[in-house]
Amino acid sequence: MSIRRSDLLLLAVAVVWGSSYLVAQTLVLAGGVLAVLALRFLVSAVALAPVMAVRRLSRPEVRVGALLGLTQATVLVLETYGVALTSATNAGVLISLTILLTPALEGAVRRRWLPPRFFVAAAVAVVGVVLLVAGPGLRAPTAGDALMLAAAVVRAAHVTLSGRLTDGRRYDTVTLTWLQMMVGAVLFTVLAAPALPSAVRAFGPGQWLGVLYLALGCSVFAFLVQLWAIRRTSAARASLLLGTEPVWAVLIGVGIAGEHLTATAVAGITLVLAGTYYGQRVEADHRRHDEMVAAKRNTSAGTI
């Protein structure tokens, strides 16, 4: 598959995640945060189980999958409780810092930095997010803000680790994704054990459809695409494209919930999309340059 197709798939993930807010809010009200997360990961793990029946686990895959599962679960817990303890505006701005944190962390780990132009593009996208979610204005910092900032840092680490730990290794993407699901399923089921039975009884057909959407769309599809794309492009590129999530959340809110776009929100959407478009072009040009340099180096070494 081409880079263009991976970009489209990552944008599809951003759309799916952006559409999940309304679903998640409804489910959390009915069953509680931990119960919803437990059901989401349990259903995800079960959905991938038939595919895993024909795969064999290796110890390195188990170690990598378990670590990525822990970081992914940590992100979800921090985000969920962080949103509950701060304003939606503060939460949106803080989690968008992942767009900047990921390329910075990836550059530090790989000791290979993207051009400054990429960080300018990422900063433009973050400013766009600020405009997009800043309707009520920023509130004074709270404990929830600290949780959201921690979530941004851990998410950046998760995306960077996804690329770093699988680089040059023949790990199976489906296997690593399923292992992440299993880690989340075990952790959240243990944490939600007291409330889980009552949540299951309280859910009707509509709520179970919501669980299926979170499990199959926001977890199985999204995590598979994210890991697949990171292994073929870069963590920085994936983070930039996934950073368009607030745009789709707003547009879906307009289309489904009847919300209205303000001029500020339109300006924010424009900046997010412009920063993302330019940033992914910079990243692609930089990666092609690195590949050409590596090819020339290998050719020169072969002629010695």
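Things to note:
- Separation between Cα centres of the range 217-266 and the range 1-42, rounded to whole Å: 10
- Comparing 193, 151, 104 in a Gaussian network model of the chain where C-alpha atoms under 10 Å apart are linked, the largest mean-square fluctuation is found at 193.
- With contacts taken as Cα pairs under 8 Å at a separation of at least 6 residues, the chain carries a relative contact order of 39 percent.
- Stokes-Einstein D in µm²/s, Kirkwood radius over Cα pairs - the range 1-152 at 25 °C with 0.890 mPa s viscosity: 136
- Within the chain: Cβ-based charge dipole about Cα centre, in debye rounded to nearest 20 (Lys, Arg +1; Asp, Glu -1): 1040
- Given charges at Cβ of Lys, Arg, Asp, Glu: the chain dipole, positive-most of 144, 211, 9: 9
- Distance between modelled label sites at residue 108 and residue 164, nm, 7 Å Cα→Cβ extension: 0.9
- Of 25, 207, 280, the one that fluctuates the most in a GNM where the chain has Cα springs shorter than 10 Å: 25
- Taking every protein chain into account, the accessible area of the chain amounts to 48 square angstrom per residue (probe 1.4 Å).
- Among the trypsin sites (Lys or Arg not before Pro) within the range 29-121, those in coil by DSSP and having at most 15 neighbouring Cβ atoms inside 10 Å are 55, 56, 111, 112.
- Take the Cα radius of gyration of the range 199-254 and divide it by 2.2 N^0.38 Å, N being the number of residues; the result is 1.46.
- Shown is the FRET efficiency for residue 8 and residue 59, computed with R0 = 45 Å from the Cβ-Cβ distance and rounded to the nearest 0.05: 0.80.
- The range 33-130 - charge dipole about Cα centre, Lys and Arg +1 at Cβ, Asp and Glu -1, debye rounded to 20: 480
- Order by protection proxy (mean Cβ within 10 Å, highest first), peptides 169-175, 8-14: 8-14, 169-175
The values are calculated or read from the model by the stated rules, or taken from the named source; none is laboratory data. This is a predicted model, so every value here is computed, not measured. Ideal geometry is used to build each Cβ from the backbone, glycine not excepted, and the neighbour counts take in all protein chains shown. Side chains are part of the model used for accessible areas, which takes the heavy atoms of the whole protein and leaves out ligands, DNA and RNA. Shrake-Rupley method; radii C 1.70, N 1.55, O 1.52, S 1.80 Å.
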